[in-house]
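Working notes, beginning with the structure itself.
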Amino acid sequence: MSSDETPNVPSPRNSREVVREKAQKVHAQQSRARIMRRIILGVLAIVAVGAIGTAVTLAVSAQVSKPQLTPGGMDGDGILVSEISASAASTDAAAATPSPEATEAGGEAAPTPEPTTASTVDIHVYVDYLSPDAGEFERANARQLVNWITEGAASVTYHPVALLTASSNGTKYSLRAAAAAACVATHSPAQFYAFNHDLLDDQPEVNTDGFSDAELADIAGAVGADNAKTVRSCIEEQDYVTWAKDATSRALEGPLDGSEDLVLTSAPMIVVNGEAYVGALDDPSEFSQFVLTVASDAYYSTESPSPSPEPTATETPAS
């Protein structure tokens, strides 16, 4: 039995066109998706670059706009120690003070002699707070330095420098410690000696991180620094780091304060009346004798000669 109805089946040609159209639609959708992804990635890249550029600009601007601060109460990049806290000044009884005349005559000096007030000496100590030698000198001579300062026998000026900045695992401890010392000298000068002594007496080892800024501020607080919040902010904000770097450069170029032609060659470097001390750093007797000798030389070089008596006129007897 035949039928005139034909089945509803697309011809092979129509099937291929349908598949082609679908493929074109899928391709168009994929192309649009790729274009959108590229646009989005491009926008994100532009935003990221802009954000990085803004951050760098702000950082540079902040660095440039931050004022180059200079510590107060300093002369020749040094801190003259004129006040010492009671705890730092508590030492054994002062040694006997020989006079320049007795030393010149060959008299035996006391173990830790002091220069007399008539021959007050000017002592400058250049210290790097990471230097083991600087710590050794401070521990050996702190007691007699305190005695000389409190007795007015010597003026002692400390100069923080940073020669070992590269020896603290990248933390720049020498530089930060010198800046911290300047903070204490500026905002709490009466506690500077105690702070300076503690940093040298209990030093970090070379090639370690050293104390953090927060720990340096804690040490300043422990010695009773006045204006504790100001001192802490000064240390943690590294207000005087640039000054410490520049002060070190000036010392390396010379002449050192308190001398005519000396330059910084090591830390510590001790200059007494313009003369560099080259003796043992851990021998207070040797250092004391050096100071006494310098004081004696200064005493005799400035001593005024006694005026010679004028001849007395004699009366001629009358004839």
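Points worth noting:
- Within the range 199-234, being within 19 Å of Leu163 (Cα to Cα) and β-branched (Val, Ile, Thr) holds for Val206, Thr208.
- Helices (runs of 4 or more DSSP H) fully within the range 128-223 counting 2 or more residues that are among the β-branched types (Val, Ile, Thr): 132-151, 173-187
- Among the residues making up the range 232-272, a single one is farther than 21 Å from Asp77 by Cβ, in contact (Cβ under 8 Å) with a residue 12 or more places away in the chain and over 14 Å from the mean Cα position of the chain (by Cα): Arg232.
- Check on Ala194, surrounded by fewer than 21 Cβ atoms within 10 Å (Cβ to Cβ) and either of a type in the set (A, V, I, L, M, F, W, C) or closer than 19 Å to Gly76 by Cα (or both): no
- Residue list for the range 198-231, filter: of a type in the set (D, E, K, R) and within 15 Å of the chain's Cα centre (by Cα): Asp198, Asp209, Asp213, Glu215
- A count restricted to the range 260-291 and to residues that are assigned to a helix (DSSP H, G or I) and either charged (D, E, K, R) or at pLDDT below 95 (or both) stands at 1.
- Restricting attention to the range 169-197 and to residues that are among the small types (Gly, Ala, Ser) and more than 13 Å from the chain's Cα centre (by Cα), the residue that is nearest to Arg139 (Cα to Cα) turns out to be Ala194.
The values are calculated or read from the model by the stated rules, or taken from the named source; none is laboratory data. None of these values were measured; they are calculated from a predicted model. Glycine gets a Cβ as well: all are built from the backbone with ideal geometry, and neighbour counts include every protein chain shown.
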